[in-house]
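The values are calculated or read from the model by the stated rules, or taken from the named source; none is laboratory data. This one's a predicted model, so the numbers in the text were calculated from it and none came from an experiment. Virtual Cβ from ideal backbone geometry, glycine too; neighbours counted across all protein chains shown.
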Amino acid sequence: MKPLNLITLLLFLTASAWALTRSESSVRQIQKSYYSIISPFVKSGSAMETKIRAFDEELEHSTSLSSKLHLAETEIIKLSTEIKHLRTLEKENVQLRAALEFKKRSPFRVIAAKIIRRKPSSWWETAHIDRGENHEISEMLAVIAAEGLVGKVDRPDDETSSVILLTDESCQVSAQVAGTHEFGILSGQRAQNGDNPMLRLRYLSRDSNAKEGQAVITTGKGNLFEKGIALGTITHVTRGPLYTEAQVKPAVNFADLETVFVLKK
Amino acid sequence: MPAITSLYDARLLILPLAFLCCVVTVDFSPMLILAFVCGFIWDAQNALGPQGGDPTIYTAPADQIRFGYSIILFLIMGVMMQGFQPLFRKGVWQVSVIISGLATFFYLVSEYMLINIVRGDFLFPKEVFYQIWISAAITMFCAPILFLVLFKLAAVFDHTIRYDGLKKRYFQFNRHNTEETT
């Protein structure tokens, strides 16, 4: 081996060992520095992502309309397109009104934020919001929508924050089957693709009487989430030898999520 | 780049693609430096924070892969690409394009396997397989574009990538023509 290659290899091994032995706080500091450098690119990237998503939606919209082409006149299609556009506006209006209403009636102090980037990494269920440390956002704050819990703040940067969604395996929530004394830990599941992810409620008691259709809410224990935030509805119960486990359909529709609220402590 | 939801959340992996295309044009030492830099950036971009909360309530938090693991994976990918460097230098760039797809596939499989090992409960649904191979395919199909960009950049900065194959073929073709005319 050439001496230069040998020296570089030794330096590489030393640097790798250094990187692999970083503590959690050092890693956070590295990430903070990294994201402060690339934040202008992230913003332009998220703008591009929004355009691509809009194009994708437009494409799906066009496909569904083309199937009707054989059955309807051109004028009807024009009208239906207009109606669809108006419905989209109406839906958006209802969502914004609900968000506004939610903010007014919410018993918590909340900061409204917009999702600017979805699932930026391959394996983690995360999203970026347009509020950061400059807007008093800090780590581990709960993120909710009008329908229920969305997740928690994983890493706040200056202007944006990364939110780990409830559908991720590593976002654990102390949960309770509403109206019962059944407690467990709710989390997302690994490797779930598509728009209908399911949650997993573990460690319910062996003789649990949890049933399909029952609501699941936060317990308020564990110093992360306030009590009584809606999490989802039980769809399936599996009784095991040690504890009972349930599949839960999230209260929030993560595919349509646009505006969220960060709960301030 | 955003994930394509209709294709099992597959995506174009720009950083691994840039790394794979660059390492085939450089020697061993620059490859090591690139592996460290790219692996470091990749982890800084993707690492998740700790679970947090009361440990008496959250008794079994989901474990995270250690920061820096990507450096090792990038090194393995780099070594794979450099193994086929002689072919690239002879002008057979198509092999490097295919290897870039295979290396991306290997990278994603390894990353997913590491998550399985660290967190337990081995799961490998077919959707994950589709996500991995479609991401690898997208990345592979974009490799020629990046090679083209690299050659353009090399020309602008008067850098020689040592693309001997094309020259060799060109001279062989010229010599063949000269022999025919004489």
message: If I filter the range B:112-127 down to residues being surrounded by 14 or more Cβ atoms within 10 Å (Cβ to Cβ) and either in contact (Cβ under 8 Å) with a residue 40 or more places away in the chain or more than 10 Å from every other protein chain (Cβ to nearest Cβ) (or both), which single residue comes out as farthest from the chain's Cα centre (by Cα)?
response: B:R119
The range B:1-58, residues that are more than 9 Å from chain A (Cβ to nearest Cβ), surrounded by fewer than 21 Cβ atoms within 10 Å (Cβ to Cβ) and in a helix (DSSP H, G or I): B:L7, B:I14, B:L15, B:A18, B:C22, B:L34, B:V37
- line: Given the conditions (1) out of contact with any Lys or Arg (no Cβ under 8 Å at 6 or more places or on another chain); (2) away from every other protein chain (no Cβ under 12 Å); (3) assigned to a strand (DSSP E or B), every one holds for A:V153 apart from (2)
message: I'd like the residue in the range A:168-182 that is modelled with pLDDT under 90 and more than 9 Å from chain B (Cβ to nearest Cβ) and, out of all such residues, is nearest to A:N134 (Cα to Cα).
response: A:A178
task: Pick out the one residue from A:I164, A:I137, A:I144, A:I129 that is facing chain B (nearest Cβ under 10 Å) and of a type outside the set (K, R).
output: A:I164
In the range B:59-85, the residues that are polar (S, T, N, Q) and more than 8 Å from chain A (Cβ to nearest Cβ): B:T59, B:S70, B:Q82, B:Q85
